[in-house]
């Protein structure tokens, strides 16, 4: 099967089965195939338990599929070793989580610097890049030395987005990024995703809410581990 | 992950939970501190025993009259009382055996001594000039018995400080004073420096007089109650002990060494035995103290395991942003090692302070050896690695998804 020239992600018959015991197994994803183009903004939508989080873990290389192929930028990553997966996450993916996952006892700046530490970016560059990333999500100097647990939910998610962007990843994977936020903060976060997408950032958004998915350019509807609808909204 | 980044991460996480980190470090501090302090007590005991033995002279062989009871039991019961050793034996040892520095025969017996209305019962040692060298005697005032004194049977006496205190009072200069031993007048010519009580009887409660004078006026015969032999080199002591035994057996016409009418105390052998005893004592104390070190190590492990649980989500996040398993493993292991290392250094300081305290405020002598410090330090390193490895392994093998979802 030939791969789409413009695509960054190509999934072919991707399946994921969790084996709870020898008799009990749960088939979470069933032969899912789709491609995502560079610079696209895609929402993966579906009710709770439909397999969207599992799909995100596979796309983010936090987990590997039971069967099927996953090509990232034309490279088959479904056979990667643990260290290769770690390198892939470090270089290609920026994660944004529902519960932010900030290091609560570290400063805002330190949280954003962390991916650069693992990427072995020279020390002198790190702080500058973290400051730029934080400015890009609308946080100014006055917040940089705060401990992350001193911030509001909206601010925490901005820090998390800055952390995801700081290493210039190929894709941003956001898992229910507005799930813990009020509607005003949610709108601000989603608008910022649109802004980064317009600047050329590929974004994949996982959500169960239609109004969140509506911020994306394309919505993939998932139900019971299968794609039931795939529509482009703009 | 680079090395300096690793350390920065480790210090950030140690400092972010100061209370917990300090309490964990405290366990190690107490453990290492007790090992250092306890071993210093053991080492102190060893040195004090050594000094005590060597204060009666170094490289010393002492020949006592009286039958040897058993092989391996050097000191006979008839010590000093049997009349089997003579002045001639002492001369023969000095003249016929090589590598001897000097020989000092002695006659010792307790007498009632009087002076100016006071009296005391003390040991009278009749001996020669070389005695002061053999027994490391230092003079406080005056001089020790001279060869001339021995030759001319002078009625002179050298007092030990305790005897001086008993007869004349503390701090009084006794030189030129008269004392009476067995109703014979003696003139005091010297006072020895205090040596303190030793394991071989007080060297301070004593009076020295020329051996010739003692034989003529006090004992009335030619026998001696001991011959002190100082050997030139510690290495020759056993060989010379054998030579003396052979010589004296020949002189006394005894063919079976089992029936010897004298015995020889070898200071080196005693020192050796005492060293074994005090080394065992040191190991014993160290072993007791190391129990607290193990408890401290378990404290480290406990803290690290709790930390891994508490920081599960953080571990998940670190993995999500590209940390490899070995990075996580190294980070948590380094954290444990750094904690024990800090605890180790503080523990050594603590142990040294305790040891100085014991030395200063109690009668117990302590001595800190470099060995115990290096040992404590290596043990703390081993504890860090040993007790940190398992929690670090647990952290490294966490599944990133489960870790991220951990509540």
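Counting Cβ atoms of other protein chains within 10 Å of each Cβ in B:313-319 and taking the mean gives 6. Residue exposure proxy: A:53, A:81, ordered by other Cβ atoms within 10 angstrom of their Cβ from fewest to most, comes out as A:81, A:53.
In chain B, the calculated helix contribution to ellipticity at 222 nm averages -18000 deg cm²/dmol per residue, counting -39,500 (n - 2.57) for every DSSP H run with n ≥ 4. Taking every DSSP beta bridge that has both ends in the protein assembly as shown, the antiparallel portion is near 70%. A Förster radius of 25 Å combined with the Cβ-Cβ distance from residue A:228 to residue A:180 puts the calculated FRET efficiency at roughly 0.35.
Computed from Cα positions, the angle between helix A:183-198 and the longest principal axis of chain A comes to roughly 80 degrees.
Along each principal axis, taking the top coordinate minus the bottom one, the Cα set of the range B:252-398 gives 95, 40, 20 Å in descending order. Taking 1.002 mPa s as the viscosity and 20 °C as the temperature, the Stokes-Einstein diffusion coefficient of the range B:85-251 based on its alpha-carbon Kirkwood radius rounds to 130 µm²/s.
Between helix B:237-251 and chain B, what is the angle of the helix's C-alpha long axis to the longest principal axis, kept within 0 to 90° and rounded to the nearest 10? Relative to chain B, helix B:237-251 is tipped by roughly 30 degrees. Per-residue shielding of A:60-71, expressed as the average number of other chain Cβ atoms within 10 Å of the residue Cβ, stands at 1. The alpha-carbon atoms of chain A define a convex hull whose volume equals 135 cubic angstrom per residue.
Sorted ascending by nearby beta carbons within 10 Å, beginning with the fewest, A:123, B:164, A:218, A:232 become A:232, A:123, A:218, B:164. Share of Cα-Cα pairs in the protein assembly as shown beyond 31 Å, in percent? Tail of P(r) above 31 Å: 67 percent of Cα pairs. Cα centroid separation, the range B:345-407 to the range A:169-234: 51 Å. Rounded to the nearest 500, the 222 nm mean residue ellipticity of chain A from helices alone is -10000 deg cm²/dmol, with -39,500 (n - 2.57) taken per DSSP H run of at least 4 residues. Seen against the Cα atoms of chain A and their longest principal axis, helix A:82-92 is set at about 60 degrees.
Here is the size of chain B from its Cα atoms: Rg then Dmax, 32.8, 104 Å. Each label point was placed 7 Å from the Cα along the Cα-to-Cβ direction; for residue A:21 and residue A:125 their separation is 5.2 nm. Put in line by how crowded their Cβ is, counting other Cβ atoms within 10 Å and starting with the fewest, B:109, A:229 read A:229, B:109. The range B:300-336 and the range A:126-156 have Cα centres separated by 25 Å.
Extending 7 Å from the Cα toward the beta-carbon at both residue A:132 and residue B:216 defines two label points whose distance is 11.0 nm.
The mean number of Cβ atoms from other chains found within 10 Å of a Cβ in peptide A:87-94 is 3, as a whole number. Could you please state, rounded to a whole Å, how far the C-alpha centre of the range B:142-218 is from the C-alpha centre of the range B:92-124? So the separation of the two Cα centres works out to 10 Å. Under 1.5 on a/c is rounded, so check that first for the range B:191-288, then, if it is not, pick prolate when a/b is larger than b/c and oblate when it is not; a ≥ b ≥ c are the square roots of the alpha carbon gyration tensor eigenvalues. Judged from the Cα gyration tensor, the range B:191-288 comes out oblate (a/c at least 1.5, b/c at or above a/b). Spacing of the modelled spin labels on residue B:116 and residue B:364, each 7 Å from Cα toward Cβ, amounts to 4.4 nm.
Taken together, the values in this text are just the output of simple stated rules run on the coordinates, not laboratory data. The structure displayed is predicted, hence computed values, not measured ones. For neighbour counting, all protein chains shown are included, and Cβ atoms are generated from backbone atoms with ideal geometry for every residue, glycine included.
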